[in-house]
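Below is one structure, written out as C-alpha cells; comments come after it.
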Amino acid sequence: MPATKRNPRHGGIEMARATEKVKWYPGFREITLACFFILYAPLIIVMIYSFNASQSITIWGGFSLHWYEKVFYGVEAAKFKTATVNSLIIAVMAAIVSTVIATAAALAMVRGKAFKGKSLTFGLINLPLMVPEIVTAVATLIFFSVIGFDRGLLSILLAHIVFCIPFAYLPISARLQGISSIYEQAGRDLYATPGQTFRLILFPLMVPGILSGFLLAFIISLDDFIITNFVKGAGVETLPTAIFGAVKQGIKPNIMAISTLMLTVSIVLVSISYLISRMGRQE
Amino acid sequence: MTKIALHIDHIVKVYPHRHHPVTALKEVSFDIHDNEFFTLLGPSGCGKTTLLRIIAGFEEITAGQVRLYGDDISTLAPHQRPVNTVFQQYALFPHLTVADNVAFGLKRLGQSADEVKARTAAMLDLIQMTEYGQRKPHELSGGQQQRVALARALAPAPKVLLLDEPLSALDLKLRQAMREELKAIQKQTGITFVFVTHDQEEALAMSDRIAVMSNGEVQQIGSPQDIYNNPRNHFVANFIGEANILDVTAEPMRGGKCRVKLANGTAIPLEIDHAIDAAKPLSIMIRPEHLSIKPVGKKPPKSALIGTVQDLSYLGTDTQLHVRVDDRISLLARVQNDTSVEGALKPGQSVQIDMNLNAIRMLDH
Amino acid sequence: MAGLLSSSPANKAEASIVEGRVGLLLLPSWVVIGILLVVPVLIMFVYSFLTQDFRGGVIWTFTLEAYDQFFLDRGLFGDEPPQIEWTYLLIFWRSFIQALFAMIFCLLIGFPTAYFMATSPPQSRSMLLFLVTIPYWVNLLIRTVSMKFLIRDTGPINEWLLAMGMIDEPIRMINTAFAVQLGLFYSYLPFMVLPIYASIERYNFVLSEAAADLYTGRWSTLFRVVIPSVKPGIIAGCILVFIPSLGAFLAPDLLGGAKNFMIGSLVEEQFKGQAGDWPFGAAVSMILLTIIMGILLVYARNQTQSTSRGH
C-alpha cells in the first residue's frame, strides 16, 4: 500500500486505493516523523546520557550505571530521597481524595437530571484547567498567607487536590457516559435498591474509568512544579522542586538519571492507564 | 370472570419541556388479564414504551394509577414492584456471568443460596443454556443473550413480565423461532406477559389480545382476529395489514340494513349492526384479499364496479395489483397465483371488481 | 408483597439512582474548588488593591498603586505627569507574540501529524495516538530540562556540530528568544495534536471523495472541505496551546534566562525573595486571568452559536 501512496499516478483501479489516494497528502508523513522526532529526541538523548560513564556530561565515555548509583547513594541522595517520599505521599493522597470527589461529581453530573446551575457546576469542576497554573499558584499562596495557614506538605496537598479534580473527572465521566443507564434500570427492576445498584452494578462497571482517573491525578500531582513551588514552605521540597533547584545550579548527570527514572514512572503509569481504559472498552 | 392482573387507570404522562410540554399518554385506561399474552402495538412515538416503563416504575405518572392485582403500585420504586422487564438491548450485566445475571434478582429478594442455585439452574434449563452458566454475556450470540435476558427476568417469578421489543435486535429467522419459544414459555410459566412491539405480524402471531396505540391513545383492544377483521377506525385498519378505505354516503334501509354509495355512485347493500348517522362523513374498509378481480366479460352487470389495472407486482404466493376505477377511487387487490385469473391480467386491462360483502366494515373517523 | 406495598408514598418511582442525592454528591467539589480556588482568586483580586509593605506582605489600605505601576509611568519619584508605562506592557506583548507563534508552529506541525495519524490503519493509529499521549503526560519540568540540556552551548547539538566540523564555535541557542519559542512549541505540541486528531477521526472521508468527484483538487479539498469540517478541533488545539503558553513559567525561566522575561516570570519574581511586591504580582495575575477568561468566553460563545446553528 505505501508504494501506491508514494506514486499516486500508479494504479487507482481498486476502490481502496482510490480512497487512500483521496486521503493522502504529500509531506504529511514526513512532517509526522519530524513531529515524533521533536517530541522524543530530547527525552531519548537525556536517557542515553544518563548512562554515560564520562564525567563530562556531553562526551560519551561508555555505558555505566554510575549516575544512578550517585542518585541513590551520592551526596544529594538524602535530599532527593526526602523529596521523593514527599512527592509520593502527596501524589497518593491527592489522587485518592480527588478521585473520590470526582467520582461523586461525575455520578451527579452524568446521572442526575438537569438542575439549575448544572453548567455552572461543570464550569467549576473544570475551572482548575482554565485558570493558568501561575494564577492558581499566586491565588493559593495569597489565600494561605491571609488565613495564616502553615505552608508545608498539607498546603501542597490541598492545592494539588484542587487541580487534580478535573483530571480525575475527565476519564471517570467519560466512562460513566459510556455505560448505558439501562443496566441500572435492569438492576432496579431486579429488586436492587439504589445503593445495591451502585455497589453491584454501576461501580464495577465504572472501575476502569476510576482507575485511569486515579492514575492521571497521581501523575499530575507527581509532576506539578509551578503550584508546588509557590505554596511549599521553606525547606519543604517535592521531587520537581528539588530537581528545579538542582538544575538552577547547572545540569549534572545525576539530574539526568533522576529524570530518566521519573520518565519511566510516567510512561509506565500512562501505559497502565491506557491498557485499563482499553480493557474497559472491550467489555 | 377473568382475574385482572394489571389495571391501567386513566394514565396521563406529560414530559414537561420548557417551551412545549409533550403529552405522551392521554388518559389511557384498560385491563390486562391474568395469565394473558398482551401486546401493546403501535408505531414509534405512540406511547407504548412509555406505558411499559410506567408499569415497570422507570417513569413517573403525571396523573392516574397502575394497579397490580388490586394494589396501587404507582408510587413504588422499580425495585419494590414484583414486575420484571426484558429490555430491548437485553441489558445483561457485562461484568457478571450468565448464572450471576440470572441469580441477580433472586439474591436481592433475599433467597437462600440453595434456593438461588436451584432456581438459576431451573431457569437455565428452561432456556436450554445450562452449559453456558459460567460464560460472560459478550461471549454469547444475540439469540443467546436474548434468552438469558428472558431467564433473568423470569427467575424471580414476577407477577407480570414486561417485554420491550425484545426481538427487534435479532435477524428474521431467529426472530420467528423466538416468537414460538416466547409463546411456549408464557403458556408454560403461566405468567402474564406484556409485550411491546411495532411489528404487527409479531403481535398477530403471539398475542392473546392486542392494544393498538397511536398518539398516546389506545385505538382498539381485541384479539388478533378481532383487530384484523373488525378494525374500528382508519388508523387501526391502515396499521394492521393492508386496507382499501373508501369514502361513502349511507342511507338506511329496512331490517337493520343500509345502502352505501361510493363516490362514483355505485351502491353497495351492507348489513350494519349499529346505528348510522347518515349526516356524518363515512368510510368503509375492505382488505385486498377480499376483492375478486376478473377480466370484464361480454356483458358486465350494471351494478358491477369496473376498473383498469394500473400495475402488477409479483409477490410469490400471490400478485398484488392496483386497479383504478376513476379519479377518486383506486383499489389495492390481491390475486392468488394458483388461480386461472393471474395469467390473464395485464396493465391497462379492464377488470370487474367484486367485493365480498361480508368482509366490508364501516369505520369510525 | 404487603411489606413492599406499605412503603411510604413519598418514595417516588424514579429510574436514576442518584435522584435526590445530586446536591450531596456535588457538595465536595463545590466546597473544595470553591474554598481552594474561587475564594483565593477573589482574595487575590482584593489583594491587588492593597498597599505593598516593604518588609514583605501587605498593608490593608485600598490603593490603585499596583495597577498604576503596571500601566503608568510617573517618573522615578512619582511626581512627573503620567505617561504610559511600557515595561510591563512590552512583557505582555512579547508573551502574546511568543504564545501566538508557538500556536502557529504547533498548528503547522500538529495538523499534518494529526491528519496522518487519523488516516493510518487502525492498529498503527492507536500506537501513534499512544506515542503522542506519552509526552502529554511526561513531566513538563523534565521535558524542559531535556531541551535545555540539548541546546546548551556545550550540549549534544553543539558538540556534534563541532565534532563534525560544521561549525567552529557553538551556536548560541540557550538564553535566547529562540530558545523560549522552541521551548513553548515543544512543551505544548501534544496539546495541539490530540484535539485535532479527535476531530479528524470523526471526519467522514466520503466528503473528501465527494469533493474529488466534483473536480476539486487535493489541496483545494483540504482547505475547502477538510479544514472547515474539523475547525472545532483546530480551535480547541489552538486554545490549548495559546493559553498555557501565555502564562508559561518553565520555558522562559529555564531556556530564556534573565533577558527573555515572560508574564510567568514577572509574576513569579513578585513572590520570591525580599523584593517581592505581592499586590503588584496579584494585579499582574488578575490582568492575565482577565485576558484568558475573555478568550475562553469568546470561544465558548462561538461554540454554543455553532452548535445551535447545527440543529
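The table for this structure:
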quantity: Listed residues B:F87, B:H322, B:A99: farthest to the positive end of the dipole of chain B (Cβ charges); calculated: B:H322
quantity: Inter-label distance for C:R224 and B:H138, nm, one decimal - labels placed 7 Å from Cα along Cα-to-Cβ; calculated: 4.4
quantity: Inter-label distance, nm, simple model (7 Å from Cα along the C-beta direction), B:A359/A:L153; calculated: 8.9
quantity: Around B:D71: net Lys/Arg minus Asp/Glu count, Cβ-Cβ under 11 Å; calculated: +2
quantity: Region C:86-270: relative contact order as a whole-number percent, Cα under 8 Å and 6+ apart; calculated: 34
quantity: The protein assembly as shown - mean residue ellipticity at 222 nm from DSSP helices (-39,500 (n - 2.57) per run, n ≥ 4, rounded to 500); calculated: -16500 deg cm²/dmol
quantity: Dimensions in Å of region B:1-101 - Rg and Dmax from alpha carbons; calculated: 15.2, 47
quantity: Considering only the protein assembly as shown, percent of DSSP beta bridges that pair antiparallel, nearest 5; calculated: 80
quantity: Inter-label distance, nm, simple model (7 Å from Cα along the C-beta direction), B:S292/B:A177; calculated: 4.2
quantity: Dipole magnitude of region B:4-237 about its Cα centre (Cβ charges: Lys, Arg +1; Asp, Glu -1), debye to nearest 20; calculated: 400
quantity: Cβ-defined net charge surrounding A:A94, 13 Å radius [Lys, Arg +1; Asp, Glu -1]; calculated: -2
quantity: Efficiency of FRET between A:T193 and C:L42 - r from beta-carbon atoms, R0 56 angstrom, step 0.05; calculated: 0.85
quantity: Solvent-free Debye scattering, log10 I(q)/I(0), computed from the Cα coordinates of chain C at q = 0.10, 0.16 Å⁻¹; calculated: -0.82, -1.35
quantity: Electrostatic dipole magnitude of chain C [Cβ: Lys, Arg +1; Asp, Glu -1; Cα centre; debye, to 20]; calculated: 1040
quantity: Above-threshold pairs, the threshold being 23 Å between Cα atoms, out of A:K248/C:K148; B:K299/B:K346; B:K26/B:K183; B:K13/B:K183; calculated: B:K26/B:K183; B:K13/B:K183
quantity: For chain A, size of Cβ-based charge dipole, Lys and Arg +1, Asp and Glu -1, in debye; calculated: 720
quantity: Largest to smallest principal axis extent of the C-alpha atoms in chain B, angstrom; calculated: 82, 46, 45
quantity: Fully extended contour minus Cα-Cα distance, from B:A263 to B:Q225, at 0.36 nm per residue; calculated: 10.7 nm
quantity: Cα-based reach from A:K81 at 15 Å (exclusive), listing aspartates and glutamates while leaving out same-chain residues under 8 positions away; calculated: A:E69, A:E237
quantity: Proximal aspartates and glutamates to A:K252, defined as alpha-carbon separation beneath 13 angstrom and excluding residues fewer than eight positions away on the same chain; calculated: A:E76
quantity: Karplus-derived 3J(HN,Hα), 6.51/-1.76/1.60, for each residue of region B:319-324, Hz, glycine and proline x; calculated: 10, 9, 9, 9, 10, 9
quantity: Accessible heavy-atom area order of B:R232, B:R361, B:R81, C:R301, highest first, probe of 1.4 Å; calculated: C:R301, B:R232, B:R361, B:R81
quantity: Length-normalised contact order of region B:282-365 in % [C-alpha pairs under 8 Å, at least 6 apart]; calculated: 46
quantity: Among A:L216, A:L154, A:L65, residue whose mean-square fluctuation peaks in a GNM of chain A (springs only between Cα atoms under 10 Å); calculated: A:L65
quantity: Reach of B:K187 by Cα under 19 Å, taken over lysines that are not fewer than 8 positions away in the same chain; calculated: B:K3, B:K159
quantity: Whole-number percent relative contact order across chain B, with pairs defined as alpha carbons under 8 Å at least 6 apart; calculated: 15
quantity: Calculated P(r) of region C:86-270 - Cα pairs past 25 Å, %; calculated: 46
quantity: Alpha-carbon Rg with Dmax, taken over region C:188-238, Å; calculated: 11.8, 38
quantity: Residue-count net charge about A:V138 - beta-carbon cut-off 13 Å; Lys, Arg +1, Asp, Glu -1; calculated: -3
quantity: Quotient of C-alpha Rg and 2.2 N^0.38 Å, computed over chain A; calculated: 1.29
quantity: Mean projection area, nm², convex hull over Cα of the protein assembly as shown; calculated: 57.7
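The values are calculated or read from the model by the stated rules, or taken from the named source; none is laboratory data. Remember, predicted model here, so these are calculated numbers, not experimental data. Virtual Cβ from ideal backbone geometry, glycine too; neighbours counted across all protein chains shown. Just so you know, the surface numbers come from the protein's heavy atoms only, side chains and all, with ligands and any DNA or RNA stripped out. Shrake-Rupley method; radii C 1.70, N 1.55, O 1.52, S 1.80 Å.
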